[in-house]
Amino acid sequence: MRRDAVFALLIAVLPAAIVGCGGTAAGGPAAVVDAWTKALDGGDDAAAAKLFAKDAIVVQAGRRLTLAGQAEALSFNASLPCGATVVSEQTAGSEVTATFTLTSRPGHRCDGTGQSAVTVFEVSGGKITLWHELPSNPAATQSA
């Protein structure tokens, strides 16, 4: 009986431990987006970067960038001035469209606190392969 309890505990804790160690997020594309948001909000740019696949595409303000590896993913995440609170998520297969309210985050200056941002994520193998910021409103000049 004790072995069953230990097994149940491991099953409950393992997904969070994997995400915390920079592995892939369990639970599908929306869980990866949620893990990325949590890392960003906590000022943990390294953990946020580990959720990006090699050669992930970033589209922001009409510019397209390929993140060739972890150094570029870290640089991208560190460049984001705002954290974000998920307001809504729509998932269609491996694609998640997330609407955020921008927040301040540790070590960064967010001039867009309270504004909305919409980002489309494509997730494959537990990693973000596309991060595409969509226009949310004309006043929103900061990104998530």
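The values are calculated or read from the model by the stated rules, or taken from the named source; none is laboratory data. Fair warning: this is a prediction, and the values are worked out from it, not measured in the lab. Glycine gets a Cβ as well: all are built from the backbone with ideal geometry, and neighbour counts include every protein chain shown.
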> When residues of region 51-82 are filtered for being farther than 14 Å from TRP131 by Cα and within 10 Å of the chain's Cα centre (by Cα), how many remain?
Replying inline: 0
> Checking VAL118 against (1) over 15 Å from the mean Cα position of the chain (by Cα); (2) assigned to a strand (DSSP E or B), which single condition isn't satisfied?
Replying inline: (1)
> Out of all the residues in region 73-84, is one or more exposed (fewer than 15 other Cβ atoms within 10 Å of the Cβ), modelled with pLDDT of 95 or more and in contact with a strand residue (DSSP E or B) (Cβ under 7 Å, 6 or more places away or on another chain)?
Replying inline: no
> Out of curiosity, is ALA30 under 25 Å from THR91 (Cβ atoms) and at pLDDT below 95?
Replying inline: no
> Under the condition of being outside any strand (DSSP E or B) and touching a strand residue (DSSP E or B) at 6+ places or on another chain (Cβ under 9 Å), which residue from region 94-110 is modelled with the highest pLDDT?
Replying inline: SER94
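Can you go through ALA61, ALA98, ALA56, ALA68 and tell me which one is out of contact with any Gly (no Cβ under 6 Å at 6 or more places or on another chain), surrounded by fewer than 18 Cβ atoms within 10 Å (Cβ to Cβ) and touching a residue at least 40 places away in the same chain (Cβ under 8 Å)? Write out each step before concluding.
Values: ALA98 fails: surrounded by fewer than 18 Cβ atoms within 10 Å (Cβ to Cβ); ALA56 fails: surrounded by fewer than 18 Cβ atoms within 10 Å (Cβ to Cβ); ALA68 fails: touching a residue at least 40 places away in the same chain (Cβ under 8 Å).
None of the other options fit; the residue is ALA61.
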>> Need the failing condition index for GLY126 against (1) in contact with a Ser or Thr (Cβ under 6 Å, 6 or more places away or on another chain); (2) surrounded by fewer than 16 Cβ atoms within 10 Å (Cβ to Cβ), just the number.
In response: (2)
